[in-house]
Number of protein chains: 2
Amino acid sequence: MNFQQLRYVRETVRRGLNLTEAANALHTSQPGVSKQIRELEAELGFDIFVRHGKRIASLTEPGKAVLGIIERVLQEAENLKRAAQDFSERDTGSLTVATTHTQARYSLPRVVGEFKRRYPKVHLSLLQGNPPQVAEMALSGVADIGIATESLEQHPGLLALPGYTWNHCVVVPPKHPLLKAGALTLEALARYPIITYDTAFAGRSNIDAAFSARNVAVDVVLSAIDSDVIKTYVELGLGVGIIAAMAFDARRDSHLRVLDCSHLFRSNTTRVAVKRGGLLRGYAYEFIEMFAPALSRKLIERALAGEGELYEL
Amino acid sequence: MNFQQLRYVRETVRRGLNLTEAANALHTSQPGVSKQIRELEAELGFDIFVRHGKRIASLTEPGKAVLGIIERVLQEAENLKRAAQDFSERDTGSLTVATTHTQARYSLPRVVGEFKRRYPKVHLSLLQGNPPQVAEMALSGVADIGIATESLEQHPGLLALPGYTWNHCVVVPPKHPLLKAGALTLEALARYPIITYDTAFAGRSNIDAAFSARNVAVDVVLSAIDSDVIKTYVELGLGVGIIAAMAFDARRDSHLRVLDCSHLFRSNTTRVAVKRGGLLRGYAYEFIEMFAPALSRKLIERALAGEGELYEL
DNA sequence: CTTGCTTACGAGACTCGTAATAATT
DNA sequence: AATTATTACGAGTCTCGTAAGCAAG
């Protein structure tokens with residue numbers, strides 16, 4: 001039994017039980033993968049994969065069971081390498097952050113700038129996706145850190161800590177009737193076509209929840225991932241926008257007017273997720289702390305250790 | 001990086017930083033161990049060991065840090081092999097139980113008998129030691145299960161579940177004055193020389209605690225690991241014995257008389273300990289359940305998963 | 001008939017043991 | 001002087017890639 005064999009098995013499963021793809025992904029030959037897996041199976045004493053003739057069809061029951069252990073072995077081995085790097089080259093390496101458009105565009109630039117200044121030799125990548133994808137990337141190890149407002153807290157394999165809290169705001173063109181009305185209500189808002197985020201994005205769930213709780217029908221004429229897209233269509237007069245408050249910039253968005261709506265929708269918590277059982281480089285902790293100063297290294301490490309506890313602030 | 005290198009490092013640390021001993025323990029050559037460790041260090045990018053010329057003096061700081069991870073990798077690798085065996089040969093293998101004399105002699109025979117009947121092909125070993133040794137054996141993996149009344153719950157690396165509760169009893173020769181007195185008191189007991197268990201054995205701590213709480217001075221003329229030894233000397237008239245109640249057998253111990261003392265000393269809880277992060281064979285769960293029917297496989301697995309919780313019954 | 005797994009085989013790398021060397025106690 | 005780690009070297013094994021074969025969809 002060796003690491004290579006375990007990697008081959010894991011990759012084969014990840015690639016949908018396709019040896020050829022697994023071999024390509026690992027930059028090696030297909031026969032090599034086949035042989036090593038068979039040797040591992042021989043050593044373990046049972047087959048991991050169900051084969052129909054020369055096709056791999058599925059995982060055997062024992063295969064499913066050992067797969068989890070295989071993943072833990074490889075995870076710990078990766079932790080070891082990462083810890084080693086953290087000692088030998090403290091300030092170099094790479095950091096991959098998976099996040100949504102809104103975070104990447106409005107809350108991360110400050111953090112990224114500061115991080116790059118402090119760790120010029122760390123290669124930083126931002127991966128963008130919808131919240132479930134962000135969760136997936138954090139879970140699979142493609143990303144070291146996931147940042148999003150939705151989905152993250154639902155994965156048991158992730159530790160999702162609260163980063164910061166924010167509210168939505170309503171944006172309208174200048175001279176819009178809503179600007180003259182008094183305090184904004186859901187009913188008043190619902191009289192106009194709405195432009196806001198896609199389902200499962202940037203607190204959209206809280207928006208829907210508020211309307212349906214009051215039984216108010218809304219007409220979402222357009223939904224987008226992207227605050228900038230929403231603002232553009234609001235400027236064109238297609239409707240009233242509901243966006244994250246931090247996505248409104250009074251100077252830049254001079255063609256729009258903003259209305260407070262923090263009393264209408266529940267506030268949103270953007271969370272930082274890391275994989276349970278994973279190991280973070282020193283600078284990864286720093287990145288998180290720059291993003292949310294309350295999330296100190298100590299707190300995160302404690303949260304990773306005592307798995308069960310809740311860390312709401 | 002391979003498993004062998006990690007094993008070499010772990011063994012070297014376990015053997016007190018002595019390569020020669022590590023090599024012997026692993027049935028391989030000393031130069032091989034030396035070379036592999038140096039290669040691992042080269043790959044990791046830092047030294048694990050501090051060397052003074054040609055002697056290994058200590059662990060480096062990074063070395064200490066990665067040692068923990070190395071142990072986890074190897075633990076998971078071992079779990080993998082064990083899980084594999086559990087699938088390929090469900091009813092064969094070995095089970096090592098570390099325990100104290102009292103348990104081995106008075107509470108385990110029934111369990112061992114039943115276990116052997118149900119799993120004739122499992123090689124069962126009983127290792128005997130004092131409670132700290134039992135804990136150590138469970139922790140190091142020498143034993144799969146540790147059973148003792150003391151020490152086990154103090155190791156954070158162990159999960160120590162309550163197995164059963166028992167009381168001490170007082171044994172005296174026939175016609176001893178204590179038999180005529182009324183209800184037994186600590187003061188009455190302390191008038192006679194006492195023969196009981198060694199420190200840190202079979203609830204001795206509860207005995208000492210009871211006397212010192214009432215400020216009663218006791219004269220323990222003889223202490224032993226072994227209930228049979230205690231009974232022998234009581235028969236010889238050397239003093240009054242305090243032993244575990246289950247160690248008294250009315251038929252066999254016809255030369256002795258027993259006195260209840262459950263009101264004098266706190267009752268004792270014998271615990272079953274397994275290593276956190278370890279994996280138990282199916283029959284190991286069965287062994288534990290035969291010993292303490294309340295400790296079902298499900299309960300143990302849940303307790304191993306939710307690390308923080310308390311599982312007092 | 002294309003895709004995809006397995007078998008066969010050979011080159012190169014790696015592991016491990018023995019013997020010799022060197023440094024520490 | 002004895003113990004203990006490192007270096008040198010060679011035999012044997014293992015890994016991996018190419019090429020060929022063969023089963024399934």
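Go through the residues of region A:37-54 one by one and say whether even a single one is of a type in the set (Phe, Trp, Tyr) and more than 9 Å from chain B (Cβ to nearest Cβ).
Within region A:37-54, one or more residues are of a type in the set (Phe, Trp, Tyr) and more than 9 Å from chain B (Cβ to nearest Cβ).
Pick from region A:26-36 the residues that are more than 6 Å from DNA strand D (Cβ to nearest atom) and surrounded by 14 or more Cβ atoms within 10 Å (Cβ to Cβ): which of them is farthest from the other protein chains (Cβ to nearest Cβ)?
Across region A:26-36, the extreme among qualifying residues is A:GLN30.
Please determine whether any residue of region B:140-147 is of a type in the set (Asp, Glu), touching a residue at least 12 places away in the same chain (Cβ under 8 Å) and surrounded by 19 or more Cβ atoms within 10 Å (Cβ to Cβ).
The answer is yes, given that some residue of region B:140-147 is of a type in the set (Asp, Glu), touching a residue at least 12 places away in the same chain (Cβ under 8 Å) and surrounded by 19 or more Cβ atoms within 10 Å (Cβ to Cβ).
Checking the condition within 29 Å of the chain's Cα centre (by Cα), surrounded by 13 or more Cβ atoms within 10 Å (Cβ to Cβ), modelled with pLDDT under 95 and within 14 Å of another protein chain (Cβ to nearest Cβ), which residue from A:GLN75, A:GLN85 passes?
When all the criteria are applied, what remains is A:GLN85.
Condition check ((1) of a type in the set (Gly, Ala, Ser); (2) away from chain B (no Cβ under 14 Å); (3) without any contact (Cβ under 8 Å) to a residue 40 or more places away in the chain) across all residues:
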| residue | (1), (2), (3) |
| --- | --- |
| A:ARG252 | no, yes, yes |
| A:PHE265 | no, yes, no |
| A:GLY277 | yes, no, no |
| A:GLY282 | yes, no, no |
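Starting from region A:52-72, take each residue that is farther than 22 Å from A:SER140 by Cα and in contact (Cβ under 8 Å) with a residue 24 or more places away in the chain and list its partners that are within 16 Å of DNA strand C (Cβ to nearest atom) and not charged (D, E, K, R), counting only C-beta distances under 7 angstrom and pairs at least six apart or across chains.
Listed pairs, sorted by first residue: A:ILE56/A:LEU17; A:ILE56/A:LEU19; A:ILE56/A:PHE49; A:ALA57/A:VAL50.
Step by step: first the residues of region A:112-135, then only those that are of a type outside the set (S, T, N, Q) and surrounded by 18 or more Cβ atoms within 10 Å (Cβ to Cβ), then the one that is farthest from the chain's Cα centre (by Cα). Which residue is that?
Among them, the one singled out is A:TYR119.
Consider B:GLY68 carefully, then state whether it is within 30 Å of A:ARG7 (Cα to Cα) and either buried (at least 20 other Cβ atoms within 10 Å of the Cβ) or within 14 Å of chain A (Cβ to nearest Cβ) (or both).
Yes, satisfied.
Hey, which of the helices (runs of 4 or more DSSP H) in region B:163-272, taking only ones fully inside, have at least 3 residues that are crowded, with 16+ Cβ neighbours inside 10 Å?
Where helices (runs of 4 or more DSSP H) fall fully within region B:163-272 and carry at least 3 residues being crowded, with 16+ Cβ neighbours inside 10 Å, they are B:186-190, B:204-213, B:227-235.
A:SER107 - would you say it is in a helix (DSSP H, G or I), modelled with pLDDT of 95 or more and more than 22 Å from A:GLY157 (Cα to Cα)?
no
Using the structure shown, decide if A:THR96 is within 12 Å of DNA strand C (Cβ to nearest atom) and hydroxyl-bearing (Ser, Thr, Tyr).
no
Consider region B:1-18. How many of its residues are within 12 Å of DNA strand C (Cβ to nearest atom), of a type in the set (A, V, I, L, M) and in a helix (DSSP H, G or I)?
1
Go through region B:34-73 residue by residue and tally those that are of a type in the set (Asp, Glu), within 14 Å of B:ARG10 (Cα to Cα) and not in a helix (DSSP H, G or I).
Counting residues in region B:34-73 that are of a type in the set (Asp, Glu), within 14 Å of B:ARG10 (Cα to Cα) and not in a helix (DSSP H, G or I) gives 0.
The values are calculated or read from the model by the stated rules, or taken from the named source; none is laboratory data. This one's a predicted model, so the numbers in the text were calculated from it and none came from an experiment. Neighbour counts are summed over all protein chains in view; Cβ atoms, including those assigned to glycine, are modelled from backbone coordinates with ideal geometry.
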